[in-house]
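Everything on this sheet refers to the single structure shown next.
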Amino acid sequence: VVLNVSYALPFTGSSFARGWEVSAVSTLASGVPFSPIIPGDSDRDVSTDNVNRPDVVPGVSTVPSGGRTIEHWYNLDAFAYPGRGFRGNSGRNILEGPGFATVDLSVIKTQALSGGTSVQLRFEVFNLLNRANFDMPFNDPDGQAIFDETGGKIPTAGRIFETSSEAREAQIAVRFIF
(Lines give C-alpha, C1' and ligand atoms only; values in the text may rest on other atoms or scores of the structure.)
Protein backbone atom coordinates (compact mmCIF):
# COMPACT_ATOMS: atom_id res chain seq x y z
CA VAL A 1 0.00 0.00 0.00
CA VAL A 2 1.33 3.42 -0.91
CA LEU A 3 -0.30 6.42 0.76
CA ASN A 4 0.37 9.95 -0.42
CA VAL A 5 -0.82 13.17 1.19
CA SER A 6 -0.04 16.76 0.31
CA TYR A 7 -1.29 19.81 2.17
CA ALA A 8 -0.87 23.46 1.23
CA LEU A 9 -0.48 25.35 4.49
CA PRO A 10 -3.08 28.17 4.72
CA PHE A 11 -0.66 30.94 5.70
CA THR A 12 -1.51 34.47 4.56
CA GLY A 13 0.31 37.74 4.71
CA SER A 14 3.76 38.43 3.31
CA SER A 15 5.23 36.55 0.34
CA PHE A 16 7.41 34.64 2.82
CA ALA A 17 4.35 33.33 4.70
CA ARG A 18 2.51 32.16 1.55
CA GLY A 19 3.41 29.14 -0.60
CA TRP A 20 4.27 26.50 2.04
CA GLU A 21 3.35 22.86 1.51
CA VAL A 22 3.87 19.64 3.47
CA SER A 23 3.84 16.27 1.71
CA ALA A 24 4.26 12.72 2.91
CA VAL A 25 4.48 9.34 1.21
CA SER A 26 4.17 6.12 3.17
CA THR A 27 4.91 2.69 1.74
CA LEU A 28 3.68 -0.40 3.60
CA ALA A 29 4.09 -3.97 2.42
CA SER A 30 3.73 -7.39 3.99
CA GLY A 31 6.56 -9.89 3.73
CA VAL A 32 7.26 -11.75 0.52
CA PRO A 33 6.69 -15.52 0.68
CA PHE A 34 9.63 -17.82 0.04
CA SER A 35 10.49 -21.52 0.08
CA PRO A 36 12.97 -23.47 2.17
CA ILE A 37 15.22 -25.47 -0.15
CA ILE A 38 17.94 -28.10 -0.34
CA PRO A 39 20.40 -27.10 -3.09
CA GLY A 40 22.05 -29.64 -5.35
CA ASP A 41 20.62 -33.01 -6.37
CA SER A 42 19.71 -34.59 -3.02
CA ASP A 43 16.58 -36.17 -4.53
CA ARG A 44 18.72 -37.90 -7.18
CA ASP A 45 16.59 -36.86 -10.15
CA VAL A 46 19.77 -36.05 -12.13
CA SER A 47 18.92 -32.35 -12.24
CA THR A 48 19.78 -29.29 -10.19
CA ASP A 49 17.18 -27.18 -12.03
CA ASN A 50 14.38 -28.10 -9.62
CA VAL A 51 15.72 -27.76 -6.09
CA ASN A 52 14.51 -30.14 -3.42
CA ARG A 53 12.55 -29.06 -0.35
CA PRO A 54 12.78 -30.37 3.21
CA ASP A 55 10.09 -32.25 5.12
CA VAL A 56 7.87 -30.28 7.48
CA VAL A 57 7.99 -31.58 11.05
CA PRO A 58 4.34 -32.00 12.22
CA GLY A 59 3.28 -29.85 15.17
CA VAL A 60 6.37 -27.59 15.14
CA SER A 61 5.82 -23.90 14.41
CA THR A 62 7.97 -22.20 11.77
CA VAL A 63 8.15 -19.13 14.05
CA PRO A 64 11.02 -19.38 16.59
CA SER A 65 9.90 -19.73 20.22
CA GLY A 66 11.45 -16.37 21.20
CA GLY A 67 10.01 -14.59 18.16
CA ARG A 68 11.68 -13.65 14.90
CA THR A 69 15.10 -11.98 14.92
CA ILE A 70 17.62 -11.30 12.16
CA GLU A 71 19.64 -14.27 13.46
CA HIS A 72 16.66 -16.66 13.50
CA TRP A 73 13.92 -15.53 11.12
CA TYR A 74 12.25 -18.94 11.19
CA ASN A 75 12.49 -22.10 13.27
CA LEU A 76 14.99 -24.52 11.73
CA ASP A 77 13.59 -27.33 13.90
CA ALA A 78 10.34 -27.15 11.90
CA PHE A 79 12.12 -28.86 8.99
CA ALA A 80 13.78 -32.26 8.55
CA TYR A 81 16.01 -33.66 5.84
CA PRO A 82 13.92 -36.04 3.68
CA GLY A 83 16.81 -38.40 2.96
CA ARG A 84 18.88 -38.89 -0.18
CA GLY A 85 16.78 -39.83 -3.17
CA PHE A 86 13.53 -38.45 -1.70
CA ARG A 87 11.68 -35.18 -2.22
CA GLY A 88 10.51 -33.28 0.84
CA ASN A 89 6.86 -32.54 1.64
CA SER A 90 7.14 -28.82 2.40
CA GLY A 91 5.07 -26.62 0.16
CA ARG A 92 6.17 -23.76 -2.03
CA ASN A 93 6.35 -20.32 -0.38
CA ILE A 94 5.40 -21.52 3.10
CA LEU A 95 7.65 -18.97 4.84
CA GLU A 96 7.23 -15.18 4.84
CA GLY A 97 10.01 -12.62 4.78
CA PRO A 98 10.08 -9.33 6.68
CA GLY A 99 7.58 -6.61 5.89
CA PHE A 100 8.51 -3.17 4.57
CA ALA A 101 7.44 0.21 5.95
CA THR A 102 8.80 3.67 5.30
CA VAL A 103 7.61 7.26 5.55
CA ASP A 104 9.05 10.10 3.45
CA LEU A 105 8.35 13.75 4.32
CA SER A 106 8.78 16.99 2.36
CA VAL A 107 8.44 20.61 3.37
CA ILE A 108 8.29 22.87 0.33
CA LYS A 109 8.31 26.66 -0.04
CA THR A 110 7.29 27.94 -3.47
CA GLN A 111 8.15 31.55 -4.29
CA ALA A 112 6.71 33.19 -7.40
CA LEU A 113 9.18 35.03 -9.63
CA SER A 114 8.59 37.26 -12.64
CA GLY A 115 7.28 36.02 -15.99
CA GLY A 116 5.30 33.05 -14.66
CA THR A 117 8.38 31.36 -13.22
CA SER A 118 8.86 30.25 -9.65
CA VAL A 119 11.45 28.69 -7.42
CA GLN A 120 10.97 26.00 -4.79
CA LEU A 121 13.09 25.45 -1.73
CA ARG A 122 12.61 21.85 -0.67
CA PHE A 123 13.57 20.02 2.52
CA GLU A 124 13.04 16.27 2.12
CA VAL A 125 13.56 13.39 4.53
CA PHE A 126 13.49 9.78 3.33
CA ASN A 127 12.77 6.96 5.82
CA LEU A 128 11.76 9.60 8.37
CA LEU A 129 11.28 7.08 11.19
CA ASN A 130 14.65 5.43 10.41
CA ARG A 131 13.06 1.99 10.40
CA ALA A 132 15.33 -0.93 9.55
CA ASN A 133 13.65 -2.78 6.68
CA PHE A 134 15.28 -6.17 6.52
CA ASP A 135 15.93 -8.11 3.33
CA MET A 136 14.92 -11.73 2.72
CA PRO A 137 16.86 -14.42 4.61
CA PHE A 138 18.49 -15.85 1.48
CA ASN A 139 21.80 -17.71 1.62
CA ASP A 140 21.60 -19.40 -1.80
CA PRO A 141 20.86 -18.05 -5.31
CA ASP A 142 17.77 -20.30 -5.43
CA GLY A 143 16.37 -19.27 -2.06
CA GLN A 144 16.75 -20.19 1.57
CA ALA A 145 18.89 -23.32 1.90
CA ILE A 146 18.36 -25.21 5.17
CA PHE A 147 20.30 -28.42 4.52
CA ASP A 148 23.20 -29.17 2.23
CA GLU A 149 22.98 -32.00 -0.30
CA THR A 150 24.10 -34.59 2.28
CA GLY A 151 21.62 -33.52 5.00
CA GLY A 152 23.88 -31.31 7.11
CA LYS A 153 22.24 -28.16 8.47
CA ILE A 154 23.63 -25.01 6.91
CA PRO A 155 24.85 -22.61 9.64
CA THR A 156 23.54 -19.49 7.86
CA ALA A 157 19.99 -20.84 7.47
CA GLY A 158 17.36 -18.45 8.77
CA ARG A 159 19.70 -15.45 8.97
CA ILE A 160 19.13 -12.04 7.44
CA PHE A 161 22.30 -10.46 6.11
CA GLU A 162 21.15 -7.10 4.68
CA THR A 163 18.55 -4.38 4.82
CA SER A 164 16.32 -3.64 1.85
CA SER A 165 16.25 0.15 2.27
CA GLU A 166 18.59 2.93 3.26
CA ALA A 167 18.78 4.52 6.69
CA ARG A 168 17.25 7.98 7.14
CA GLU A 169 18.46 10.48 4.56
CA ALA A 170 17.76 14.19 4.32
CA GLN A 171 18.34 16.59 1.45
CA ILE A 172 17.82 20.23 0.64
CA ALA A 173 17.04 21.10 -2.97
CA VAL A 174 16.25 24.14 -5.08
CA ARG A 175 13.91 23.67 -8.04
CA PHE A 176 13.25 26.25 -10.73
CA ILE A 177 9.87 26.01 -12.44
CA PHE A 178 9.43 27.70 -15.83
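Annotations
- Structure-derived Cα Rg over 2.2 N^0.38 Å: which label, when the choices are (1) 1.58; (2) 3.23; (3) 1.74: (1)
- Extension gain (nm, one decimal) between residue 63 and residue 77, 0.36 nm per residue minus Cα-Cα: 4.1 nm
- Whole-Å distance, taken between Cα centres, linking segment 123-137 and segment 1-52: 10 Å
- For the options 17, 167, 78, a Gaussian network treatment of the chain with springs between C-alpha atoms closer than 10 Å singles out 17 as fluctuating the most.
- Heavy-atom surface analysis with a 1.4 Å probe gives the chain a carbon and sulfur content of 58 percent of its accessible area.
- Excluding exposed DSSP-loop GluC sites (Glu not before Pro) (at most 14 other C-beta within 10 Å), longest clean stretch of the chain: 72-161
- If you take the alpha carbon atoms of segment 6-48 and fit the smallest convex hull around them, that volume is 117 Å³ per residue.
- Accessible area (Å², per residue) of segment 74-178, counting only protein heavy atoms and a probe of 1.4 Å: 58 Å²
- Average projected area [Cα convex hull, segment 55-140], square nanometres: 10.1 nm²
- Total formal charge among the other residues, if their Cβ is under 14 angstrom from that of residue 27, Lys/Arg +1 and Asp/Glu -1: -1
- Cβ-defined net charge surrounding residue 8, 12 Å radius [Lys, Arg +1; Asp, Glu -1]: +1
- Cβ-based net charge around residue 160, under 11 Å, with every Lys or Arg adding one and every Asp or Glu removing one: -1
The values are calculated or read from the model by the stated rules, or taken from the named source; none is laboratory data. Because the structure is predicted, anything quoted here is derived from the model rather than measured. We place every Cβ from the backbone using ideal geometry, glycine too, and count neighbours over all the protein chains shown. With ligands, DNA and RNA removed, areas are computed over all heavy atoms of the protein, side chains included. Shrake-Rupley method; radii C 1.70, N 1.55, O 1.52, S 1.80 Å.
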